[in-house]
Amino acid sequence: MPSVAKAALVSEATAYRYFPDLVTLLREVDEGTWPDPEAALAPVAGSADPAIRIGYAARLLLDGVLANESAVRAMIAGSITRPAEAARRPGHRFGLIDAALAPAADRIDAVGLAQLRRDLAIVVSADALFTLTDLCGLQKPAAVDSAVHTARALTEAAFRPGQPVD
């Protein structure tokens, strides 16, 4: 927050009056910067293939994470130190996942869809991306490619006839 206050040419006290912490400030900045999921998925709107749609959604989200990496890392750090705040992190991934799966949702039972949504939430996430870069040592483009590949594979498996998601 001291750096933010300095950059904004205000005192730290003024910055803290409006934003009690960095996570609150970042959440406010994030508000309205992402398009709604349907608009974001417009380039694949003509496709009913859930794997294509999920792949596009995953790449869109993860590229966005990389474009705002320091803010995303700060938000994650803030939610780790204050777990009660974790639920208040921006939830872009769920909107994108739901919108990507919507055209094919009637092709899978409700239990399978709920499981797929949870599975994808693990892969289509900043947390997964940072695991791939920080712990697995992948370069950022390769990390995005890996997460997109995994998201597509999970989706293809879930929609494969006669194949359970688990």
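Assorted remarks:
- Boolean, Glu28 is assigned to a helix (DSSP H, G or I), modelled with pLDDT under 70, of a type in the set (Asp, Glu) and touching a Ser or Thr at 6+ places or on another chain (Cβ under 9 Å): no
- Taking the conditions (1) assigned to a helix (DSSP H, G or I); (2) among the hydrophobic types (A, V, I, L, M, F, W, C); (3) at pLDDT 75 or above in turn, Val23 satisfies each one other than (3).
To keep it simple, each residue is scored yes or no on (1) surrounded by fewer than 19 Cβ atoms within 10 Å (Cβ to Cβ); (2) among the basic types (Lys, Arg); (3) free of Cβ contacts under 8 Å to residues at least 60 places away in the same chain.
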site: Leu96; (1), (2), (3): no, no, yes
site: Ala110; (1), (2), (3): yes, no, yes
site: Ala114; (1), (2), (3): yes, no, yes
site: Leu129; (1), (2), (3): no, no, no
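- Region 31-50, subset among the acidic types (Asp, Glu) and surrounded by 12 or more Cβ atoms within 10 Å (Cβ to Cβ), residue modelled with the highest pLDDT: Asp49
- When residues of region 52-80 are limited to those that are among the small types (Gly, Ala, Ser) and within 13 Å of Val124 (Cα to Cα), the one modelled with the lowest pLDDT: Gly64
- Among (1) surrounded by 17 or more Cβ atoms within 10 Å (Cβ to Cβ); (2) on the phi > 0 side of the Ramachandran plot, the one test that Gly137 misses: (1)
The values are calculated or read from the model by the stated rules, or taken from the named source; none is laboratory data. What you are looking at is a predicted structure, and each value in this text was computed from that prediction instead of being measured. All Cβ positions, even for glycine, are placed from backbone atoms using ideal geometry, and neighbour counts span all protein chains on display.
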